[in-house]
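Notes for the one structure printed next.
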Amino acid sequence: MEYYNYLKSLHLIFVITWFAGLFYIVRLFVYQIEANEKPSPEKEILQAQYKIMSYRLWYIITWPSAILASIFAFWMLFFTDLGMAWLKMPWMHVKLAFVFLLYLYHLKCHQIFKQLQNDEVKYSNNFMRLWNEGATIILFAVVFLVILKSAINWIFGVIGIIVFSVLIMLGFRFYKRIRERK
């Protein structure tokens, strides 16, 4: 069992750093998109800096964390007795569906990263702010599933984060209107 706890600890460390990378990369996307609207030479200076920051975050922290979190998860699930038992439980199936969504989210972030590295701005900074909530919803759902170990109770947590996200977006729009008036 101690062997399993080491795997779980390593898995959690890399899940945390993976999510940190995903949260911060989207914030950098917002800054990069906003920099695109600045006048020269500020635009070029900011874009160059954000490209370097994004590149380092993406390839030194986020991708390696995703890969290592996945390796340790796979190891726990398929090479330990407890993991094999959990694979038979409904909550784990739901959790793995959310993990699949997380991979899709990660891959979409990679696509946006590549576009911005090539100076292709296809999304607004407001879209990116909303996009950032996707990882938050996945995080909440997975944490509630793992802690409660119920395929039903996680719904309350997800509904809570969706309501929270809507309130944040309403607050954001309210603040934006106040800022535009000034």
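I'm checking my understanding of the structure. Among residues of segment 77-90 that are over 18 Å from SER150 (Cβ atoms) and either in contact with a Lys or Arg (Cβ under 6 Å, 6 or more places away or on another chain) or part of a loop (DSSP other than H, G, I, E, B) (or both), which one is most open to solvent (accessible area, probe 1.4 Å)?
Taking segment 77-90 and keeping what is over 18 Å from SER150 (Cβ atoms), we get 77-81, 83-84.
From what's left, either in contact with a Lys or Arg (Cβ under 6 Å, 6 or more places away or on another chain) or part of a loop (DSSP other than H, G, I, E, B) (or both): 79-80.
Values: PHE79: 132, THR80: 14 Å².
Among them, the one singled out is PHE79.
Looking across segment 141-150, the residues that are at pLDDT below 85 and open to solvent by 30 Å² or more (accessible area, probe 1.4 Å) come down to PHE144, LEU148, LYS149. When segment 88-111 is filtered for residues that are of a type outside the set (A, V, I, L, M), more than 23 Å from ILE61 (Cα to Cα) and in contact with a helix residue (DSSP H, G or I) (Cβ under 6 Å, 6 or more places away or on another chain), the ones remaining, listed by number, are TRP91, LYS95.
The values are calculated or read from the model by the stated rules, or taken from the named source; none is laboratory data. Note that this is a predicted model, so its numbers are computed, not measured. For neighbour counting, all protein chains shown are included, and Cβ atoms are generated from backbone atoms with ideal geometry for every residue, glycine included. With ligands, DNA and RNA removed, areas are computed over all heavy atoms of the protein, side chains included. Shrake-Rupley method; radii C 1.70, N 1.55, O 1.52, S 1.80 Å.
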